[in-house]
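Reading through the structure tokens given below for one structure.
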Amino acid sequence: MNSLNYIGSKYSLYPVLKPHFEKIINGFNRSVVFGDLFAGTGIIGYNIGTEFGAKIIANDIQYYSYVINKANLSVYTDDDINHINILVKQLNKLKGIQGFIYKNYSKNEECERMYFSNENAMKIDAIREKLKKERKKMSENVYYYLLANLISSADKVANTSCVYGAYLKTLKKSATKMLTMNGINNETKQVNVTGEVFCENVSNIQTPRLDIVYLDPPYNNRQYAPNYHILETIALADNPEIHGKTGLRDYSSQKSDFCIKKLVSKRMEELISTLDTLFILISYNDEGLIPKEEFIKMLNRYGKLEIIEIDYRKFKAQKNVDRNETIEYLFVLEKIHTEI
């Protein structure tokens, strides 16, 4: 599975969440359609698909997330796997070029930013340029797997503490390693997770009927787009106009109302009320923009509510934060007027 070092990832929390998903899924006595509508890197949807055979509907407004979920929710044929493995070897052997990433995100005569070593920046440019030129010669599965793998591989050698809102002043050890893409193996082939992937504002998405929806919205006022802007640029290969010390791309079209205190409650209730589903499970925490009691009052208007509290050690991008523990909530809502 292609993945990222990602704020808010539920990778470590999934084993705690799993029994609650399992209880609901088993109640259907059939395969279910599971919506992961703030998918991020798709950890929850991918695991639900592999472990319970659910069809996954994944969505995220970020294009790099779309690419990763497309790659992870594809069924690869033998021809796909052979083509991917051949191309990975070729891409890893490419000579680096001084393209957009090198010129703007590695330290050189005209740039002070140090998001990547010069060698890795040039390697990213060479691989991305090759994928862009050769896209029509690849199947959709092959293209999205290779692009997702490039994004994931670039993230592993990025010279950041995690997010791309800042770079480190000297190259850390992992950033000095040469970027290397990975092939695909039989284990990946056998997973066969199926689904559909969208890249929409969650308020506008038109999905098929969903049995279960999982929502993992932003909890605070920090937008995701500026934190991962370079990965978005690698995914799109659009060489955008950039500005500021961090070389930020314009993200006005990707701003989330779920990060805006005066809008988040209204947007959440609109989403809850309009979702065509039987169950909604929502991850949130005690530092979220919507206070717990307000959230409970809202959800109680739409069905039968269960609240699960989980003590959780939160992610820290920086060491100088006051608080390291948080209470994670899983709100489990069975909507009114629905039947299994």
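The values are calculated or read from the model by the stated rules, or taken from the named source; none is laboratory data. It should be emphasised that the depicted structure is a prediction, and the values quoted were computed from it without experimental measurement. Here Cβ is always computed from backbone atoms with ideal geometry, including for glycine, and neighbour counts include all displayed protein chains.
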* Structure fact -> How many residues of the stretch 70-84 are part of a helix (DSSP H, G or I) and under 24 Å from the mean Cα position of the chain (by Cα)? The answer is 6
* Has the stretch 194-217 got at least one residue that is crowded, with 21+ Cβ neighbours inside 10 Å, within 19 Å of N69 (Cβ to Cβ), touching a Cys at 6+ places or on another chain (Cβ under 9 Å) and not hydrophobic (A, V, I, L, M, F, W, C)? -> yes
* Can you tell me which residues in the stretch 294-308 are outside any strand (DSSP E or B) and either within 23 Å of V16 (Cβ to Cβ) or in contact (Cβ under 8 Å) with a residue 60 or more places away in the chain (or both)? -> F295, I296, L299
* Within the stretch 226-260, considering residues that are under 23 Å from I127 (Cα atoms) and small (G, A, S), the one nearest to the chain's Cα centre (by Cα) -> A235
* Structure fact -> Scanning the stretch 303-340 for residues that are surrounded by 12 or more Cβ atoms within 10 Å (Cβ to Cβ), of a type in the set (V, I, T) and farther than 30 Å from G165 by Cβ, the one modelled with the lowest pLDDT turns out to be I340
* Asked: Considering the stretch 143-175 alone, what residues qualify as being without any contact (Cβ under 8 Å) to a residue 60 or more places away in the chain and under 23 Å from K245 (Cβ atoms)?
  -> V157, N159, T160, L168, K169, T170, L171, K172, S174, A175
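Let's see how each residue does on (1) without any contact (Cβ under 8 Å) to a residue 40 or more places away in the chain; (2) among the hydroxyl-bearing types (S, T, Y); (3) over 17 Å from Y143 (Cβ atoms):
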position: N5; (1), (2), (3): no, no, yes
position: G27; (1), (2), (3): no, no, yes
position: S31; (1), (2), (3): yes, yes, yes
position: F38; (1), (2), (3): no, no, yes
position: K55; (1), (2), (3): no, no, yes
position: A71; (1), (2), (3): no, no, no
position: Y76; (1), (2), (3): no, yes, no
position: K103; (1), (2), (3): yes, no, yes
position: E110; (1), (2), (3): yes, no, yes
* Asked: Does the stretch 254-279 hold any residues that are charged (D, E, K, R), part of a loop (DSSP other than H, G, I, E, B) and either out of contact with any Ser or Thr (no Cβ under 9 Å at 6 or more places or on another chain) or outside the structural domain of Y64 (by TED's automatic domain parsing) (or both), and which are they?
  -> K255
* Asked: Just checking, how many residues over the stretch 99-139 are of a type in the set (F, W, Y) and not in a helix (DSSP H, G or I)?
  -> 2
* So, of the residues in the stretch 14-48 that are assigned to a loop (DSSP other than H, G, I, E, B) and within 15 Å of the chain's Cα centre (by Cα), which turns out to be surrounded by the fewest Cβ atoms within 10 Å (Cβ to Cβ)? -> F38
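Going through E232, E241 one at a time, which residue ends up being closer than 19 Å to A166 by Cβ and of a type in the set (D, E)?
Values: E241 fails: closer than 19 Å to A166 by Cβ.
Step by step, each of E232, E241 is checked, and only E232 is closer than 19 Å to A166 by Cβ and of a type in the set (D, E).
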* Asked: If you scan the stretch 111-156, which residues turn out to be more than 20 Å from Y66 (Cβ to Cβ), of a type in the set (A, V, I, L, M, F, W, C) and within 23 Å of the chain's Cα centre (by Cα)?
  -> F116, A121
* **Among (1) touching a Pro at 6+ places or on another chain (Cβ under 8 Å); (2) part of a helix (DSSP H, G or I); (3) hydrophobic (A, V, I, L, M, F, W, C) - the single one I282 does not satisfy** => (2)
* Restricting attention to the stretch 85-102, does a residue exist that is crowded, with 22+ Cβ neighbours inside 10 Å and either among the hydroxyl-bearing types (S, T, Y) or assigned by TED's automatic domain parsing to the domain that holds I212 (or both)? -> yes
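Yes or no: the stretch 171-187 includes at least one residue that is assigned to a helix (DSSP H, G or I) and modelled with pLDDT under 95. Quick ask: steps written out before the conclusion?
As a first pass, look at the stretch 171-187 and keep what is assigned to a helix (DSSP H, G or I): 173-176, 186-187.
If we keep only those that are modelled with pLDDT under 95 too, we end up with 186-187.
Scanning the stretch 171-187, I find at least one residue that is assigned to a helix (DSSP H, G or I) and modelled with pLDDT under 95, so the answer is yes.
Could we say that N300 is in the same structural domain as R128 (by TED's automatic domain parsing), surrounded by fewer than 21 Cβ atoms within 10 Å (Cβ to Cβ) and either over 21 Å from E200 (Cβ atoms) or touching a Gly at 6+ places or on another chain (Cβ under 9 Å) (or both) here?
Working: in the same structural domain as R128 (by TED's automatic domain parsing): no; surrounded by fewer than 21 Cβ atoms within 10 Å (Cβ to Cβ): yes; either over 21 Å from E200 (Cβ atoms) or touching a Gly at 6+ places or on another chain (Cβ under 9 Å) (or both): yes.
Taking the combined requirement at face value, the residue does not satisfy it.
So is K89 assigned to a helix (DSSP H, G or I), touching a residue at least 24 places away in the same chain (Cβ under 8 Å), basic (K, R) and closer than 30 Å to L37 by Cα or not? Walk me through it before giving the result.
Details: assigned to a helix (DSSP H, G or I): yes; touching a residue at least 24 places away in the same chain (Cβ under 8 Å): yes; basic (K, R): yes; closer than 30 Å to L37 by Cα: no.
In short, no.
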